[in-house]
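The structure appears below as structure tokens.
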Amino acid sequence: MTILTQVLRWSALAFGVFYGFSHQRAITAANKAAADQKIYDHKKQLIEQAKTEYAKKKNPSAFASSEKSGCTLPRSASDDHLGARQFRQG
């Protein structure tokens, strides 16, 4: 083997190791970010659930009357007109 062949082989090996290392770091970072997002979403859902339960505990008559009347309030700004119609009808 010539020296040029050996240099090319060692260069290719070094490049492959470097690429593999950097690619593995990117994959690990993406997986960690996804896991962190999942934990955050779960905590956010638990907080919302706790707020709802606290509101029910603090003022049970408001939740009982809305459940009996069948009146549901809109959950987003785009549903405001639907909520107003339901409120007027119900």
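The values are calculated or read from the model by the stated rules, or taken from the named source; none is laboratory data. Just so you know, these numbers come straight off a predicted model, no measurement behind them. Cβ placement follows ideal geometry from the backbone for every residue including glycine, while neighbour counts extend to all protein chains displayed.
Tabulated results
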item	result
Some residue of segment 24-47 being surrounded by 10 or more Cβ atoms within 10 Å (Cβ to Cβ), among the acidic types (Asp, Glu), at pLDDT below 95 and not in a loop (DSSP other than H, G, I, E, B)	no
Of all residues making up segment 1-20, the number that are in a helix (DSSP H, G or I) and surrounded by fewer than 10 Cβ atoms within 10 Å (Cβ to Cβ)	3
